[in-house]
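Since the structure comes first, as structure tokens, the remarks are kept for the end.
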């Protein structure tokens, strides 16, 4: 897998005592992994980039610079609205055509993003799906499809099983961090909660908790 490598900066969360040192930033902008680059492999990257999104490449003439600015900021709803105005106002046919083509690209992209929600749900990738729904509501605001994202987002928030998977996944992440720090007893308590609590019955979080709990028994 080919992926970009960045260096420099100075943000507090990127502190390190040794070089070389790597950080993997997830689609939500948060650090999801850090350590020596030799420990960063394809499986770790693939696990944490679920839900990452690459926007459409839309090249617009200078007359549509405002729409370009919105697109670069992932404000596709605002870009769509601006392009819609220019279709009515622009005097040059080439500008009108460029605006219409860009609107079609944004529409297609928004539909693809909404269709991906079904895949997230099917694969039980609820954290990535919920993030994609929130992003869809925000980024396509002003377009009709934003309402579809919002409606589905509310459905997910009311779904007890999805919420159980999300809260269970969060507890598993906390337990995993405790294991890395050698705090096995504390991690075991978290794993036990997810493995035995009624709310997590028949969830992926429960199944993983049972496995992890068994793995760390030898350290207790």
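The values are calculated or read from the model by the stated rules, or taken from the named source; none is laboratory data. Being a predicted model, the structure only gives us computed values, none of them experimental. Cβ: placed from backbone, ideal geometry, glycine included. Neighbour counts: every protein chain shown.
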Checklist outcome for this item: In segment 117-152, anything buried (at least 18 other Cβ atoms within 10 Å of the Cβ) and without any contact (Cβ under 8 Å) to a residue 60 or more places away in the chain is listed as 117, 126, 130, 133, 136, 137, 145, 148, 149, 152
Checklist entry - For segment 58-88, how many residues meet the condition of being touching a residue at least 12 places away in the same chain (Cβ under 8 Å) and over 20 Å from residue 137 (Cα atoms)? => result 8
Item to check | Residue among 43, 94 that alone is at pLDDT 95 or above, surrounded by fewer than 16 Cβ atoms within 10 Å (Cβ to Cβ) and more than 27 Å from residue 149 (Cβ to Cβ) | outcome: 94
Checklist entry - Since residue 22 meets every condition but one in (1) at pLDDT below 75; (2) crowded, with 16+ Cβ neighbours inside 10 Å; (3) over 26 Å from residue 137 (Cα atoms), which condition does it not meet? => result (1)
Item to check | Among the candidates 110, 74, residue that is in a loop (DSSP other than H, G, I, E, B) and under 18 Å from residue 146 (Cβ atoms) | outcome: 74
Checklist entry - Is it the case that some residue within segment 89-108 is within 15 Å of the chain's Cα centre (by Cα), outside the structural domain of residue 167 (by TED's automatic domain parsing) and without any contact (Cβ under 8 Å) to a residue 12 or more places away in the chain? => result no
